[in-house]
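Asker: What follows is a structure written as structure tokens; I'll ask about it next.
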Amino acid sequence: MNCRSLSITLAALAISACGPSPDDLNDYAQEYLYLELSMGLHDGGHVDAYFGPEELQTAAETTALSLDQILKAFYYEAAAAQPGSASPTAEELDDWFWGETAAAKVLFAVKDRCLKKDDKMMQLLGKILLIPMSQSNRFGPNFPTN
């Protein structure tokens, strides 16, 4: 069993252990497939075969999520799926993601590196495309990186 199969199996076991209803499980499964198919658009070897609903594959291709959007979606789904807690608001999720996660630290570090490049497109990426405007000035230049 490879690592990918093991992680999918563990995810399925974790979801079933939390006891969601079949409708919830179906929603989680569809979201997971959508995000995995979206990842496959960036990494040709990520999805080696897909036999699910064509509309999910079409949605992933049409939406064409960026890698940072996929990363945030995985984090948000994990946070929202925690058993025993109320569903967080969008603002609470943003505050948590941008204030407490390793992924946000990485995105802020990438932003800083992009801003230091001579390439105008890299500067644009760092200035307005990686970090939402509502969060970009939140930590200033001293955002924690460790």
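Asker: Only one residue in Leu37, Leu33 is at pLDDT 85 or above and of a type outside the set (S, T, N, Q), so which one is that?
Answerer: Result: Leu37 is the single residue among Leu37, Leu33 that is at pLDDT 85 or above and of a type outside the set (S, T, N, Q).
Asker: Scan the stretch 96-118 residue by residue and report those that are charged (D, E, K, R) and within 20 Å of the chain's Cα centre (by Cα).
Answerer: Once the filter is applied, which keeps residues that are charged (D, E, K, R) and within 20 Å of the chain's Cα centre (by Cα), the stretch 96-118 yields Glu100, Lys105, Lys111.
Here's the yes/no breakdown for (1) farther than 15 Å from Ser38 by Cβ; (2) surrounded by 17 or more Cβ atoms within 10 Å (Cβ to Cβ):
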| residue | (1), (2) |
| --- | --- |
| Gly52 | no, no |
| Thr62 | no, no |
| Gln69 | no, no |
| Lys72 | no, yes |
| Ala78 | yes, no |
| Gly84 | yes, no |
| Pro88 | yes, no |
| Ala102 | yes, no |
| Leu107 | yes, yes |
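The values are calculated or read from the model by the stated rules, or taken from the named source; none is laboratory data. Since we're looking at a predicted model, the values are computed, not measured. Reconstructed Cβ throughout: ideal geometry from the backbone, glycine too, with neighbour counts over all protein chains shown.
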